[in-house]
Amino acid sequence: MKNKNLVIIILTGALFAIAAWVLTFGMTLIPGATSNPGNMGFCIACFLRDTAGAYKMHTAGVVQYLRPEIIGLILGAFVLSLAKKEFKPRGGSAPMARFLLGMTVMVGALVFLGCPLRMVLRMAAGDLNAWVGLIGFILGVFVGTLFLKKGFAFPRSEEQSLVEGLIFPITQIVGFVLLVAFPAVLAFSTEGPGAAHAPILVSLGAALIVGALAQHSRLCQAGSIKHVFLSKNFDMFWGGLAIFVVALILNLVSGTFKLGFVDQPIAHTEWIWNIVGLFIVGLGSVLLGGCPMRQLILAGSGNTDSAITVVGMIVGAAFAHNLGLASSAKGTTPAGRIAAIAGVIIMLVIAFTHLKKKDAKAK
């Protein structure tokens, strides 16, 4: 059984890399087809940022598009969790802390310019800035495991009604209807990353498959490193490695591999802030119980705590762009650097204030 689960985890990682490649370079092989930006076949942070822009929550015109990938990941997890009878609505565990952590994780990701999944895709395409960012991500996860060992925990979640669990998946269906039937109510980029996207049905279909597999395998970038630190369990690590290896092979074969720091797609070379940005993402992911993609999958499976976290990330994306916190290919901003430092402080405060005191009488 263990070997079977490991195979599923590795398969999920491999198919994720293939889907990401199809949505970027693969679509350019079809005459007239559009594609996602380079090294951004799947980026939860970037796509949530674009989604916030589509709903006019921020005014950055170059990053506004209701990404079908987000909708597909959530609905793929939703459908499979129903089929497996694992759709069990639960929530009510420190919602405001989770909301704030979601916002802060998003700010960290936008300082780096990508979530942990895009970090791996950038690494596999030769972007050395992502390898630098990996240092911060590992450090963040490591610090998170130290808090777990010291007793960090949010209050236990409680069983909730079916309606509570259904609300978030239903919002995704509504969003898709708006995208295909009432696009005039949404904002769409005419240039920049938001204007680069694969065809709607291709994006949705790929995300549905990946979302279902991620629900089944429990694949999580932060979790893969956390389990190594906590229990020397490498099972999930092999899934993350599969993403990298398959994406690397595809990039080498297709000629999209470019080793270096400069002129990488939607990336900057400020190494210290790449490290700090992903440190925030790594630490926040451990405190929240999963990386940004894992939060989407859990939300689709009925976890309203994760749904609150995702809403926090969307608000954080709007917050980052409206206040000039997000980086660009030109580099970070002064406000973004201040926000990153504040983000580290916020996470440490939340972590320390949720340490469970040990019973002095316990033997």
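Side notes on the structure shown:
- Some residue of region 96-109 being surrounded by fewer than 17 Cβ atoms within 10 Å (Cβ to Cβ) and closer than 21 Å to SER301 by Cα: yes
- Region 110-129 - residue that is part of a helix (DSSP H, G or I), of a type outside the set (S, T, N, Q) and over 15 Å from the mean Cα position of the chain (by Cα) and, of those, surrounded by the most Cβ atoms within 10 Å (Cβ to Cβ): ALA124
- Scanning region 175-194 for residues that are in a helix (DSSP H, G or I) and either touching a helix residue (DSSP H, G or I) at 6+ places or on another chain (Cβ under 7 Å) or buried (at least 17 other Cβ atoms within 10 Å of the Cβ) (or both) yields a total of 8.
Yes/no per residue for (1) without any contact (Cβ under 8 Å) to a residue 24 or more places away in the chain; (2) in contact with an Asp or Glu (Cβ under 9 Å, 6 or more places away or on another chain); (3) assigned to a helix (DSSP H, G or I):
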{"site": "ILE30", "(1), (2), (3)": "yes, no, no"}
{"site": "ASN39", "(1), (2), (3)": "no, yes, no"}
{"site": "LEU48", "(1), (2), (3)": "no, no, yes"}
{"site": "MET57", "(1), (2), (3)": "no, no, no"}
{"site": "LEU66", "(1), (2), (3)": "no, yes, no"}
{"site": "ILE70", "(1), (2), (3)": "no, yes, yes"}
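- For ALA351, the stated conditions hold: it is in contact with a strand residue (DSSP E or B) (Cβ under 6 Å, 6 or more places away or on another chain) and either assigned to a helix (DSSP H, G or I) or in contact (Cβ under 8 Å) with a residue 24 or more places away in the chain (or both).
- Residue pairs meeting the criteria (Cβ under 8 Å; at least 6 apart or on separate chains; first over 13 Å from ARG122 (Cα atoms) and outside any loop (DSSP other than H, G, I, E, B), in region 246-271; second among the hydrophobic types (A, V, I, L, M, F, W, C) and at pLDDT below 95): SER254/PHE25
- In region 151-165, residue surrounded by the most Cβ atoms within 10 Å (Cβ to Cβ) [restricted to those that are touching a Phe, Trp or Tyr at 6+ places or on another chain (Cβ under 9 Å) and assigned to a helix (DSSP H, G or I)]: GLY165
- Pairs where the first residue, in region 298-314, is over 16 Å from PHE78 (Cβ atoms) and the second is aliphatic (A, V, I, L, M), C-beta under 6 Å, 6+ apart: THR309/LEU288; GLY312/MET103; MET313/LEU48; MET313/MET106; ILE314/LEU48; ILE314/ALA52
- Within region 76-131, the residues that satisfy the criterion of being out of contact with any helix residue (DSSP H, G or I) (no Cβ under 6 Å at 6 or more places or on another chain) and without any contact (Cβ under 8 Å) to a residue 60 or more places away in the chain are LEU82, ALA83, LYS85, MET96.
The values are calculated or read from the model by the stated rules, or taken from the named source; none is laboratory data. Keep in mind that this is a model prediction, so the values were computed, not measured. Quick reminder, even Gly has a Cβ in these numbers, built from the backbone with ideal geometry, and neighbours come from all protein chains shown.
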